[in-house]
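FYI, it's all coordinate maths here, none of it is from the lab. Bear in mind the structure is a predicted one, so any value in this text is a computation, not a measurement.
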């Protein structure tokens, strides 16, 4: 049903997005009282793990997906990781706008993956 290469790509991109989201936003909760450069150094350290997954994921995915397909896939995964992070970790309320953003991405997926 699903191409093994696409499944591996999606899983690796999802894992890289977890690291990316933590690197980009967790310091707003945990390090707000620290100097910005401390938060930046810690974020860079976390982002290294993102790149260790994201770069090979894109190289693997590019063997069966086009560059625009990889990008839209990445955006869908980013939103899929960010919304739970936003709600569960950062204690932000669930908003109807998340649904509308998701529906826009469904449209983007349709147009970029249609034959």
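General observations
- Length released on extending from residue 4 to residue 40, taking residue separation times 0.36 nm less the Cα-Cα span: 9.4 nm
- In percent, rounded to a whole number, the relative contact order of segment 4-113 is 35, using alpha-carbon pairs under 8 Å and six or more apart.
- Helix 67-84 vs. the chain, principal-axis angle (Cα, 0 to 90°, nearest 10): 40 degrees
- Estimated 222 nm signal from helices in the chain, with DSSP H stretches of n ≥ 4 weighted -39500 (n - 2.57), rounded to 500: -24500 deg cm²/dmol
- With respect to the chain, whose longest principal axis is taken over its alpha-carbon atoms, helix 36-61 is tilted by about 10°.
- Choice from 21, 63, 78 with maximal GNM fluctuation in the chain (Cα, 10 Å cutoff): 63
- The orientation-averaged projected area of the convex hull spanned by the Cα atoms of segment 29-74 comes to 4.2 nm².
- Among 77, 42, 60, the residue with the largest mean-square fluctuation in a Gaussian network model of the chain, with springs joining Cα atoms closer than 10 Å, is 42.
- 0 to 90° range, to nearest 10: angle between helix 4-21 axis and the chain longest Cα axis: 20 degrees
- Result for the chain in a Gaussian network model with C-alpha springs under 10 Å: among 11, 73, 31, the largest mean-square fluctuation is at 31.
- Subtracting the Cα-Cα distance of residue 95 and residue 63 from their residue separation scaled by 0.36 nm leaves 7.8 nm.
- Segment 67-115: C-alpha gyration tensor shape, a/c 1.5 cut-off, then a/b vs b/c: oblate
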